[in-house]
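Report on the following structure.
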Amino acid sequence: KNEVEQSPQNLTAQEGEFITINCSYSVGISALHWLQQHPGGGIVSLFMLSSGKKKHGRLIATINIQEKHSSLHITASHPRDSAVYICAAGEGSDMRFGAGTRLTVKP
Amino acid sequence: NAGVTQTPKFRILKIGQSMTLQCTQDMNHNYMYWYRQDPGMGLKLIYYSVGAGITDKGEVPNGYNVSRSTTEDFPLRLELAAPSQTSVYFCASSYSGALRAFFGQGTRLTVV
């Protein structure tokens, strides 16, 4: 079993839909990160969480430390949100990465 | 601000050849990292550095070497390339290990 599991692996949505991507982890954490990998391959950090909830524009990330679970939500999805979303959890430099969720948003 | 710059973007190597992947950052970050990304797998940490002159092994260091002679540069060396090293390599940097990292654009390496 991987230390960081994401679901679903692939997700196709229609423009405007509400999206949820889940991440469960079994490692101890000082922080959990959500990353976005663009179709061209570049990786951008979206959120870093250690508790509660963070919001940036249409993106919301939550974490439940007791349940070792985090979710990334996208409201009013748009084709430009199409990307691979990666969850990473761990302590300091020792981060473990999920395999990613490939999101495709169709117009 | 250039951020994290990796070169080259693509490279094909023959088995047994050696090469160096270059990584430089202009944000004065203490921490730098090298990851590899294989299809269907999460990123794996190869080596990391917490400052100039200090390097440490990550999860998958075998077959690689690094150095950190300056704050800006963190090159990754492959001495005897093997097909198992075919992957996409990402360099990243952060001010500290707990803060969000900035990633380079990646290097796609194929060993044939």
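Of note:
- nm² value of the averaged projected area, convex hull over the Cα atoms of segment A:22-76: 4.3 nm²
- For segment A:1-63, the relative contact order comes to 22 percent (Cα pairs under 8 Å, sequence separation of at least 6).
- Diffusion constant of the protein assembly as shown at 10 °C, which comes from Stokes-Einstein with the Kirkwood Cα-pair radius and 1.306 mPa s, µm²/s: 89 µm²/s
- Normalised by the number of residues in chain B, the average gap of Cα pairs under 8 Å and 6 or more apart makes the relative contact order 36 percent.
- Computed from the Kirkwood radius of its Cα pairs, the Stokes-Einstein diffusion coefficient for chain A at 20 °C and 1.002 mPa s stands at 156 µm²/s.
- Beta bridges by DSSP in the protein assembly as shown, antiparallel share as percent, to the nearest 5: 90 percent
- Accessible surface of chain A [probe 1.4 Å, protein heavy atoms]: carbon and sulfur percent: 48 percent
- Take the Cα of A:Asn10, step 7 Å toward its Cβ, do the same at A:Arg58, and the gap between the two points is 2.3 nm.
- Rolling a 1.4 Å probe across the protein heavy atoms gives chain B an accessible surface of 49 Å² per residue.
- Computed Kirkwood radius, in angstrom, where 1/r is averaged over Cα pairs of chain B: 13.8 Å
The values are calculated or read from the model by the stated rules, or taken from the named source; none is laboratory data. Source: prediction; values computed, not measured. Virtual Cβ from ideal backbone geometry, glycine too; neighbours counted across all protein chains shown. Only protein heavy atoms, including side chains, enter the accessible area calculation; ligands, DNA and RNA are left aside. Shrake-Rupley method; radii C 1.70, N 1.55, O 1.52, S 1.80 Å.
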